[in-house]
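K.L.:
Below you will find the structure I want to go over with you.
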Amino acid sequence: MTVIKEKPNKIYEIAVERIIPNPHQPRILFDDEKLCLLAESIKQNGIIQPITLRRAGNRYELVSGERRLRAAIKIGMKKIPAVIIDITERNSAVLALVENIQRQDLSFFEEAIAIAKLIDFYGMTQEDAAIKLGKKQSTISNKLRLLRLSPREMTLISEAGLTERHARALLRIEDEETRLSVIEKIITAGLNVEKTEKLIEREIKTSKERENLKRRSVIFGGEVKLFLNTIDKAIETMQAAGINAEMERKKGEEFIEYKIVIPYVKKG
């Protein structure tokens, strides 16, 4: 196949079968209902804004416009209007992320995952990512903290339609099992962010009290064992000194009962 050098800013009709996905597409979930509405709009009005592609050998890699491409394929279009741009893989990944963020097409978890990918894959710092995406570094940092949640937690939060503030509040709980339990309570009770924060505050307080009780129990348990050993040692010392001391120990479910008999030592 002859490779033709495309002219910048010119719109081409590109066969959809020659278009390959962007491996750095940040969007993971696509709303099928909205996709059907877009497909119907394209069927009635055509594609108003061309998609953007970059040359990838004899094929084209999608840079932006995946929803339009998917909708076009859904209604059976064989070709789609596109602008071919000369762009590196790195800049293609950044552009795809920026476009989705600007259109608010990404969920907050998808956005966090995409930012982390930019940083890890291209060796960016958080400051670099913030500049590229037009955000504050603190915002980038807060986004990345969301990735401390497990995939299961992310799924539950997303499917329940909870907000990013819900997710950030949950990060105050260190234990995943406890977080999952709290998420279930939030979903079941339909708690807003304010009530969620109060629930988490109570959970953290309860956990601290439980941990303190456990710690005290361990300490107290060690002290009891020390006391029992002291009693045993005292009896052994008296017996070694010729005092006919006797001891009977009975262990119950909630206590240990001692019966100690020490005879009077008669003076000569």
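The values are calculated or read from the model by the stated rules, or taken from the named source; none is laboratory data. Predicted model only: the values in this text are computed from it and were never measured. Ideal geometry is used to build each Cβ from the backbone, glycine not excepted, and the neighbour counts take in all protein chains shown.
K.L.:
Is it the case that some residue within segment 187-208 is at negative phi, outside any helix (DSSP H, G or I) and among the charged types (D, E, K, R)?
P.N.:
First, pick out the residues of segment 187-208 that are at negative phi: 187-189, 191-208.
Cutting the leftovers down to outside any helix (DSSP H, G or I) gives us 191-192.
Narrowing further to those that are among the charged types (D, E, K, R): none.
The answer is no, given that none of the residues of segment 187-208 is at negative phi, outside any helix (DSSP H, G or I) and among the charged types (D, E, K, R).
K.L.:
If you don't mind, another one. Of Leu156, Leu170, Leu146, which residue is in contact with a Phe, Trp or Tyr (Cβ under 8 Å, 6 or more places away or on another chain) and modelled with pLDDT of 90 or more?
P.N.:
On the way: Leu156 fails: in contact with a Phe, Trp or Tyr (Cβ under 8 Å, 6 or more places away or on another chain); Leu170 fails: in contact with a Phe, Trp or Tyr (Cβ under 8 Å, 6 or more places away or on another chain).
Result: Leu146 is the single residue among Leu156, Leu170, Leu146 that is in contact with a Phe, Trp or Tyr (Cβ under 8 Å, 6 or more places away or on another chain) and modelled with pLDDT of 90 or more.
K.L.:
Could you tell me how many of the residues in segment 71-88 are surrounded by 15 or more Cβ atoms within 10 Å (Cβ to Cβ) and not aliphatic (A, V, I, L, M)?
P.N.:
Within segment 71-88, the subset surrounded by 15 or more Cβ atoms within 10 Å (Cβ to Cβ) is 71-74, 77, 80-85, 87.
Then drop every residue that is not not aliphatic (A, V, I, L, M), which leaves 74, 81.
Adding up the residues that qualify gives 2.
K.L.:
Listed residues Ile73, Ile87; which is touching a strand residue (DSSP E or B) at 6+ places or on another chain (Cβ under 9 Å) and outside any helix (DSSP H, G or I)?
P.N.:
Ile87
K.L.:
Right, next: Would you point out which residue out of Phe108, Phe121 is at pLDDT below 85, aromatic (Phe, Trp, Tyr) and more than 14 Å from Leu53 (Cα to Cα)?
P.N.:
Values: Phe108 fails: at pLDDT below 85.
Only one candidate passes the filter, namely Phe121.
K.L.:
Between a residue in segment 53-76 that is not assigned by TED's automatic domain parsing to the domain that holds Glu89 and any residue that is assigned to a strand (DSSP E or B), which pairs come within a Cβ distance under 6 Å, given they are 6 or more apart or on different chains?
P.N.:
Going by the 6 Å Cβ cut-off, there are no qualifying pairs.
K.L.:
Here's a follow-up. Determine which member of the set Pro26, Pro8 is surrounded by 18 or more Cβ atoms within 10 Å (Cβ to Cβ) and at pLDDT below 85. Spell out how you get there, then give the answer.
P.N.:
Details: Pro8 fails: surrounded by 18 or more Cβ atoms within 10 Å (Cβ to Cβ).
After ruling out the rest, the residue left standing is Pro26.
K.L.:
Suppose we keep only residues that are outside any helix (DSSP H, G or I) and β-branched (Val, Ile, Thr) within segment 29-59. Which one would you say is surrounded by the fewest Cβ atoms within 10 Å (Cβ to Cβ)? Walk me through it before giving the result.
P.N.:
Pass one, segment 29-59, residues outside any helix (DSSP H, G or I): 29-31, 46-59.
When the remaining residues are screened for being β-branched (Val, Ile, Thr), the result is 47-48, 51-52.
Details: Ile47: 18, Ile48: 9, Ile51: 22, Thr52: 20.
Among those residues, the one meeting the criterion is Ile48.
Quick grid of which residues meet (1) within 19 Å of Leu62 (Cα to Cα); (2) aromatic (Phe, Trp, Tyr):
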{"position": "Ile73", "(1), (2)": "yes, no"}
{"position": "Lys79", "(1), (2)": "yes, no"}
{"position": "Ala93", "(1), (2)": "yes, no"}
{"position": "Val98", "(1), (2)": "yes, no"}
{"position": "Phe108", "(1), (2)": "no, yes"}
{"position": "Ala112", "(1), (2)": "no, no"}
{"position": "Ala129", "(1), (2)": "no, no"}
